[in-house]
Amino acid sequence: MERNVLPGYLTLHESGELAERAEAACELLGDCTVCPQHCHVDRIGGEHGFCRTGSRAMAASYGPHFGEEPPLVGRSGSGTIFFAGCNMRCEFCQNFEISQCRAGYEISSEELAGAMMRLQERGCHNINFVSPSHVVPQIITAVDRAASLGLAVPLVYNSGGYDEVDTLRLLDSVIDIYMPDAKYGRDDVALDLSHAPGYTGYMQAALKEMHRQVGDLVVDEDTIAIRGMIIRHLVLPENLANSEIVMRFIAEEISRDSYVNIMAQYRPAGRVTEEERSPMLTALQRPITGEEYRYAVRCARENRLHRGF
């Protein structure tokens, strides 16, 4: 356990480097390569790519959230900001209306900074950016503005794990806590279920970069997260997530001290409940069994992972 330290983005803001990072990130929007979809559209000029988001981020909601991992929630909640749009299209997404139907509103950098300040004022332990992979330039710009207003709590990057390493490097010392998904162990499953080409390679490279930046999870004297990485893995029916591959990767190439949340809450949602379109989607039309969940936990333990589940 460690005592609270000032977030790194404050130092970057004071030196002017954060503003430079924001400018460099925003340049990516002109021929967009912000995420692994590499759409090459001009988002500054109003074009939309896979994420269906232009030069401004779209927010669905924000507020204190108490359903996240205990190190993030504490007593006062995690200050979540849910972004609309996504760089994946998971067939089973439980936030389908937000991620794929863009149920939200455009938000300026000033408004986004204001939302962060209001969450801090409400006592939230952190600012938690949910589905941020496609709006990193807008986030960096808003953080720079919020830092000038007095923002001083840790920042959480809560993504699906489908992240571009070059974009993540712009977040070095900006993000304090990374919380990526490690969704799949096989690319064919990722493509069929999430429309994310090359997912496993991008996810693995992203997790390595995130861990390089922040290391394993560190908490303060009140067991509240202040820095590090939390990895989420959602168990899917018939082991479609290939948990044995994912856990082996985390243990051997990230850290056996990784905090891994093995999640059991899968339920049919999104397009899964529609007519059958593939054998994989058919498998997803039921919840997981207790044995399927225990198998994923067993995979973690066999790889000597021991935190978070």
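The values are calculated or read from the model by the stated rules, or taken from the named source; none is laboratory data. Being a predicted model, the structure only gives us computed values, none of them experimental. Don't worry about glycine lacking a Cβ; one is built from the backbone with ideal geometry, like all the others, and counts go over all protein chains shown.
Of note:
- Positions within segment 270-298 being of a type in the set (Ser, Thr, Tyr) and either at pLDDT below 85 or closer than 26 Å to Ile231 by Cβ (or both), in sequence order: Thr273, Ser278, Thr289, Tyr293, Tyr295
- Scanning segment 204-244 for residues that are under 24 Å from Pro268 (Cα atoms) and either in a helix (DSSP H, G or I) or touching a Gly at 6+ places or on another chain (Cβ under 6 Å) (or both) yields Pro237, Glu238, Asn239, Asn242, Ser243, Glu244.
- Residues satisfying the stated conditions in segment 209-251, i.e. among the hydroxyl-bearing types (Ser, Thr, Tyr) and surrounded by fewer than 24 Cβ atoms within 10 Å (Cβ to Cβ): Thr223
- Which listed residue, of Ala190, Ala206, is of a type outside the set (S, T, N, Q), free of Cβ contacts under 8 Å to residues at least 40 places away in the same chain and surrounded by 24 or more Cβ atoms within 10 Å (Cβ to Cβ): Ala190
- Some residue of segment 86-100 being touching a strand residue (DSSP E or B) at 6+ places or on another chain (Cβ under 7 Å) and either of a type outside the set (Ser, Thr, Tyr) or closer than 21 Å to Ala24 by Cβ (or both): yes
- Under the condition of being polar (S, T, N, Q) and assigned to a helix (DSSP H, G or I), the residues counted in segment 264-309 number 2.
- Qualifying residue in segment 79-99 (condition: touching a Lys or Arg at 6+ places or on another chain (Cβ under 9 Å), of a type outside the set (D, E, K, R), closer than 28 Å to Glu209 by Cα and in a helix (DSSP H, G or I)): yes
- The residues in segment 143-170 that are in a loop (DSSP other than H, G, I, E, B) and either surrounded by 16 or more Cβ atoms within 10 Å (Cβ to Cβ) or without any contact (Cβ under 8 Å) to a residue 12 or more places away in the chain (or both) can be counted, and the count is 9.
- Residue list for segment 61-99, restricted to those being polar (S, T, N, Q) and buried (at least 20 other Cβ atoms within 10 Å of the Cβ): Ser78, Thr80, Asn87, Ser99
- Being in a loop (DSSP other than H, G, I, E, B), among the aliphatic types (A, V, I, L, M) and within 16 Å of Ser131 (Cα to Cα) holds for only one residue in Val34, Val5, Val41, and it is Val34.
- Residue count for segment 171-187, restricted to those that are assigned to a loop (DSSP other than H, G, I, E, B), buried (at least 20 other Cβ atoms within 10 Å of the Cβ) and either at pLDDT below 95 or of a type outside the set (D, E, K, R) (or both): 6
- For segment 252-279, the tally of residues that are surrounded by fewer than 19 Cβ atoms within 10 Å (Cβ to Cβ), of a type in the set (A, V, I, L, M, F, W, C) and more than 23 Å from Gly215 (Cβ to Cβ) stands at 2.
- Cβ separations smaller than 7 Å between residues 6+ apart or across chains give the following pairs from segment 89-103 residues that are over 21 Å from Pro287 (Cβ atoms) and of a type in the set (A, V, I, L, M) to residues that are modelled with pLDDT under 85 and part of a helix (DSSP H, G or I): Ala103/Glu97.
- The set of residues in segment 44-67 that are part of a loop (DSSP other than H, G, I, E, B) and either over 20 Å from Ala206 (Cβ atoms) or in contact with a helix residue (DSSP H, G or I) (Cβ under 8 Å, 6 or more places away or on another chain) (or both) comprises Ile44, Gly45, Gly46, Glu47, His48, Arg52, Gly54, Ser55, Arg56, Phe66, Gly67.
- Every pair of residues 6+ apart whose Cβ atoms lie under 7 Å, when the first sits in segment 19-39 and is modelled with pLDDT of 95 or more and of a type in the set (Val, Ile, Thr) while the second is in a helix (DSSP H, G or I) and buried (at least 23 other Cβ atoms within 10 Å of the Cβ): Val34/Val136; Val34/Pro137
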